[in-house]
């Protein structure tokens, strides 16, 4: 079974702002703030979905990628789009140009709403996929009605007032409990003690959770301890799952990798494993992969008898999103002299910026399936594939590999990670 959880958090403060994001869950905190959600027409939505996929790849490319990594780009993107709803002028323009680098959708909010409806309204036995957005505002803070209405309509986000001045710790517990409840308790203590204070205006949160059973489960009796080669001179024993059945698999000689796609029940979401042929080739492979090359890899896979060996694993991760966003080119939201949140607060709300942005994620992969979760928070304050021979194709993940959990209909990456060290 595979399970993933992610969360993201953004905090806005007066004179200072904070943004945090967690895999499968996102939170944004604003000293003064707001959130938004929407849905597009068909052509617009294709542009939106492609933009989200490209930005997901860009997010992953800015991680260190020297060891294990796991995040929910969709959780982080959801938090950023909700934040962007409240921005004006150059701040809004900068965020749009980074998130939708190649082509801007006609209606971003409508695009988001429509994609969410595709992703989260299905009912499939053996698969749970859910996501939630919520805004927590400082008690007495007057958000613009247009912002609150859009946040609710397009992003499904209610606004809950909290007393960050007198009840900062209780407010922190309230937000953390919401994230925990929306990630099946996989994301805990998203917001650390001391982060919220009298300057906090708004906390924007997003939480995403996934749990899915494999379409073809692995037999636990076939799992055995085998070596995983971290590098040429270092190996560790892992519990390696084993299966031999028909699966979409193949090899790309130009990229030097093997690919395996395992569907979850319902065949709407799958986990894709990309294994470099070289034991130390993951970093080089990652540098070559783009959204288009990834699509080409998947379209070239062949359903064939495949011998599969994949390690069971559990992974947790936490990221400070500020350096990631800065590296991508999203900088104004962190600068109280440049940040413009005029579409969120009344005009007298000056010197507001994001002070903290963090993301947490969790994943477990076993014989039954996968479980994953993530959360993101933001805080604002004032101031070519080769067809193999007829014999069974072998996919033995005994050295570092890349993995993606995606929605197969839209191609949306829900989670991205790399397994490099047990």
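Where a number appears in this text, it was derived from the coordinates with a stated rule and is not lab data. From a predicted model like this one, the values you see are computed outputs, not experimental measurements. All Cβ positions, glycine included, derive from the backbone under ideal geometry; neighbour counts span all protein chains shown.
A few comments on the model shown:
- Region 73-114 and region 248-278 have Cα centres separated by 30 Å.
- Each peptide among 168-178, 299-309 gets the average number of other Cβ atoms lying within 10 Å of its residues, and from highest to lowest they stand as 168-178, 299-309.
- Relative to one another, the C-alpha centroids of region 317-366 and region 169-194 are positioned 19 Å apart.
- Structure-based [θ]222 nm, the chain - -39500 (n - 2.57) summed over DSSP H runs of at least 4, per residue, nearest 500: -7500 deg cm²/dmol
- Whether region 46-178 is rounded, prolate or oblate, judged on the alpha carbon gyration tensor where a/c under 1.5 counts as rounded: rounded
- Ranked by how many other beta carbons lie within 10 Å on average, peptides 287-297, 251-261 from highest: 251-261, 287-297
- Cα gyration tensor shape of region 253-319, rounded if a/c is under 1.5, else prolate or oblate by comparing a/b with b/c: rounded
- Multiplying the residue separation of residue 227 and residue 149 by 0.36 nm and subtracting their alpha-carbon distance yields 22.6 nm.
- Three-way shape call for region 101-214 based on the alpha-carbon gyration tensor, with the a/c threshold at 1.5: oblate
- Placing dummy labels 7 Å off each Cα toward the beta-carbon, the span from residue 64 to residue 246 is 4.5 nm.
- Extension gain from residue 165 to residue 288, taking 0.36 nm per residue of separation minus the Cα-Cα distance: 39.4 nm
- FRET efficiency for residue 120 and residue 300, using Cβ-Cβ distance with R0 set to 41 Å, rounded to 0.05: 0.85
- Within the chain, antiparallel bridges make up roughly 85 percent of the DSSP beta bridges whose residues both belong there.
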